[in-house]
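The values are calculated or read from the model by the stated rules, or taken from the named source; none is laboratory data. Note that this is a predicted model, so its numbers are computed, not measured. Note that each Cβ is placed from the backbone with ideal geometry, even for glycine, and that neighbours are counted across all protein chains shown. Side chains are part of the model used for accessible areas, which takes the heavy atoms of the whole protein and leaves out ligands, DNA and RNA. Shrake-Rupley method; radii C 1.70, N 1.55, O 1.52, S 1.80 Å.
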Amino acid sequence: MPHKPTRKRKIHSWPVRLCHWINLLAMIGMVMSGWGIYNADPLFSFLSFPQSTTLGGWLGGNIAWHLAVMWLLAANALIYLIWGLCSGHLKRDFFPFTPKSIWRDTVQALTFKLPHKLGEYNAVQKVMYVGVLLLGALLVLSGLSIWKPVQFSGLVWLFGGFDIARYVHFFAMSGVVLFVVVHVLMVLLVPKTLVAMITGGKKQAIKESADE
């Protein structure tokens, strides 16, 4: 199969880095304001969040912050998805993966034998990134159902009702928070990944097939 001439590309292009850091700030704002909203009407009697970890000061402030940051997060996600699809970033970096490759890389990770190369995601990372994107979509849909249950009554119906939509929203957000915790742990284990996400990392030689 013929190949195009080798060219060099940063490990992380600037659109990926920009969206990554905007997303980080937006997610912090969404989670903290969301905790404040949750405290006003908890889903679980045994769980509440300290006031110091919430954003907004009171319920009205929590909601205002949540909605404001929501638009930033949504715009950032849309830009990332459009750029990712048009540039080939999503297809190139997040696919393919199979149950076999996920199992293999999980075993290697648990035994600390999983190799890590900057700019190349293993199967576990790929499925995690795809999973968090799907959780993000679930958050948007369940969030719309909670925010405007009358206007989005069809969505509310699909979730099985307003109360179930709240649980879906809560657990989807919990999944995102868990992803962030795992992501931070991985960065601590391989600190050079943080540097690459800030600077873009060193340019690497990339070969692309002629039919791409």
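Listing for the model above:
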{"quantity": "Rounded FRET efficiency, nearest 0.05, which uses the C-beta distance separating residue 107 from residue 147 and R0 of 45 Å", "calculated": "0.60"}
{"quantity": "Relative contact order [Cα under 8 Å, 6+ residues apart], the chain, whole percent", "calculated": "33"}
{"quantity": "Per-residue HN-Hα couplings for region 57-70 [Karplus 6.51, -1.76, 1.60; θ = phi - 60°; Hz; x = Gly/Pro]", "calculated": "x, 8, 4, x, x, 4, 5, 4, 5, 4, 5, 5, 5, 4"}
{"quantity": "Per residue accessible area in Å² of region 46-104, where ligands, DNA and RNA are left out and the probe is 1.4 Å", "calculated": "69"}
{"quantity": "Whole-Hz ³J(HN,Hα) from phi, Karplus 6.51 cos²θ - 1.76 cosθ + 1.60, for region 181-190, glycine and proline x", "calculated": "4, 5, 4, 5, 4, 5, 5, 5, 6, 10"}
{"quantity": "Dipole of region 27-167 [Lys/Arg +1, Asp/Glu -1 at C-beta], most positive-end residue of 151, 80, 39", "calculated": "80"}
{"quantity": "Apportionment of accessible area to carbon and sulfur, region 50-202, percent (1.4 Å)", "calculated": "77"}
{"quantity": "In nm, spacing of pseudo-spin labels at residue 59 and residue 180 (7 Å Cα→C-beta vector)", "calculated": "2.4"}
{"quantity": "Modelled FRET efficiency - R0 35 Å, residue 45 with residue 92, Cβ distances, 0.05 increments", "calculated": "0.15"}
{"quantity": "Estimated vicinal HN-Hα couplings, Hz - region 35-42 in sequence order (Karplus 6.51, -1.76, 1.60; Gly, Pro = x)", "calculated": "5, x, 5, 4, 4, 6, 8, x"}
{"quantity": "Mean Cα-pair separation over length for region 116-165, i.e. relative contact order, pairs under 8 Å, 6 or more apart, %", "calculated": "25"}
{"quantity": "Under 15 Å, Cα to Cα: Lys pairs in the chain, sequence gap 8 or more or different chains", "calculated": "17"}
{"quantity": "Cα centre as origin, Lys/Arg/Asp/Glu Cβ charges: the chain dipole, Debye", "calculated": "1100"}
{"quantity": "Convex hull volume per residue in cubic angstrom - Cα atoms of region 117-189", "calculated": "89"}
